[in-house]
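*Asks:* Below you'll find the structure I mean.
The values are calculated or read from the model by the stated rules, or taken from the named source; none is laboratory data. Just so we're clear, the structure is a prediction, and the values are computed from it rather than from any experiment. We place every Cβ from the backbone using ideal geometry, glycine too, and count neighbours over all the protein chains shown. Quick note on the areas: whole protein, heavy atoms, side chains included, nothing else; ligands and nucleic acids left out. Shrake-Rupley method; radii C 1.70, N 1.55, O 1.52, S 1.80 Å.
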Amino acid sequence: MTKYHRAFGVYGIIGDQQNLVVTKKYGGPYTNRFDLPGGSLEDGEPLANAIRREVQEETGLVPTVLTQLGTTSFRYPWQFEGWAFNQHIGVFYRITEVSGDLAASVARFDGQDSHGAVKMPLTELTIKNASPLVLKAKAYLLNSEKFDATDTTYETWKVLSQPVY
């Protein structure tokens with residue numbers, strides 16, 4: 001029997017056709033990669049509140065204008081606490097206006113899985129250094145801002161032992 005771990009979160013796309021704001025991830029299957037700002041909801045938290053909170057915690061930026069784009073999932077093998085696979089379900093938001101300054105490092109607290117954020121050229125974000133969420137955001141920005149909600153399956157997935165950032 002296949003054992004899937006399921007994760008659900010909200011994720012923000014802050015960027016343009018040249019650059020994307022990404023976090024420096026530690027923890028989970030995207031450890032040591034660039035990831036999108038975002039994450040899990042707190043108990044009873046509305047989606048829009050969660051994306052605002054997560055983006056601010058992980059990047060220092062405060063979203064002021066955002067639009068929900070859609071939901072998709074990513075499936076891949078991942079050995080975690082007895083699970084053999086992961087299905088990561090994400091609600092994506094386009095964030096077009098923010099206040100505050102991008103934080104290269106952020107406060108550490110229980111549940112924080114970001115070392116901070118950077119603005120990366122899209123040309124430098126690949127499967128070798130970025131999460132599937134980042135690749136979905138990159139495709140969105142390069143495809144005239146059309147969100148593809150098609151689920152993605154990876155036959156293999158490697159958790160990196162050394163950071164790419």
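*Asks:* What are the pairs, 6+ residues apart or on separate chains, where a residue within the stretch 97-110 that is closer than 16 Å to GLY15 by Cα has its Cβ under 8 Å from a residue that is of a type in the set (Gly, Ala, Ser)?
*Replies:* Hits for this filter: GLY100/GLY60; ASP101/GLY60; LEU102/GLY60; LEU102/ALA117; ALA103/GLY60; ALA103/GLY116; ALA103/ALA117.
*Asks:* Given the options SER131, SER161, SER144, name the one that is out of contact with any Ser or Thr (no Cβ under 9 Å at 6 or more places or on another chain) and over 18 Å from HIS88 (Cα atoms). Spell out how you get there, then give the answer.
*Replies:* Details: SER131 fails: over 18 Å from HIS88 (Cα atoms); SER161 fails: out of contact with any Ser or Thr (no Cβ under 9 Å at 6 or more places or on another chain).
The conditions single out SER144.
*Asks:* Go through (1) assigned to a strand (DSSP E or B); (2) touching a Gly at 6+ places or on another chain (Cβ under 8 Å) and name the single condition THR96 misses.
*Replies:* (2)
*Asks:* Continuing with the same structure: Taking the condition of being at pLDDT 95 or above, open to solvent by 80 Å² or more (accessible area, probe 1.4 Å) and assigned to a loop (DSSP other than H, G, I, E, B), how many residues in the stretch 106-142 meet it?
*Replies:* 1
*Asks:* In the stretch 93-105, what residues are farther than 15 Å from THR23 by Cβ and open to solvent by less than 30 Å² (accessible area, probe 1.4 Å)?
*Replies:* The answer is ARG94, and nothing else.
*Asks:* Okay, moving on. If you take the residues in the stretch 143-165 that are hydrophobic (A, V, I, L, M, F, W, C) and surrounded by 13 or more Cβ atoms within 10 Å (Cβ to Cβ), which one is farthest from ASP35 (Cα to Cα)? Spell out the reasoning first.
*Replies:* Taking the stretch 143-165 as the starting set, the residues that turn out to be hydrophobic (A, V, I, L, M, F, W, C) are 147, 149, 157, 159-160, 164.
Then drop every residue that is not surrounded by 13 or more Cβ atoms within 10 Å (Cβ to Cβ), which leaves 147, 157, 159-160, 164.
On the way: PHE147: 18, TRP157: 15, VAL159: 13, LEU160: 13, VAL164: 11 Å.
That would be PHE147.
*Asks:* Only residues in the stretch 68-82 that are among the aliphatic types (A, V, I, L, M) count as the first member; pair them with residues that are open to solvent by 30 Å² or more (accessible area, probe 1.4 Å), Cβ under 7 angstrom, at least 6 apart or cross-chain, and list the lot.
*Replies:* Note: pairs meeting the criteria are LEU69/PHE147.
*Asks:* Now, a different point. Which one is farthest from TYR30 (Cα to Cα) among residues in the stretch 97-129 that are polar (S, T, N, Q) and under 17 Å from the mean Cα position of the chain (by Cα)? Talk me through it step by step, then tell me what you get.
*Replies:* From the stretch 97-129, those polar (S, T, N, Q) are 99, 105, 112, 114, 123, 126, 129; that's our starting set.
Retained after the next criterion (residues that are under 17 Å from the mean Cα position of the chain (by Cα)): 105, 112, 114, 126, 129.
Values: SER105: 18, GLN112: 14, SER114: 11, THR126: 13, ASN129: 9 Å.
This residue is SER105.
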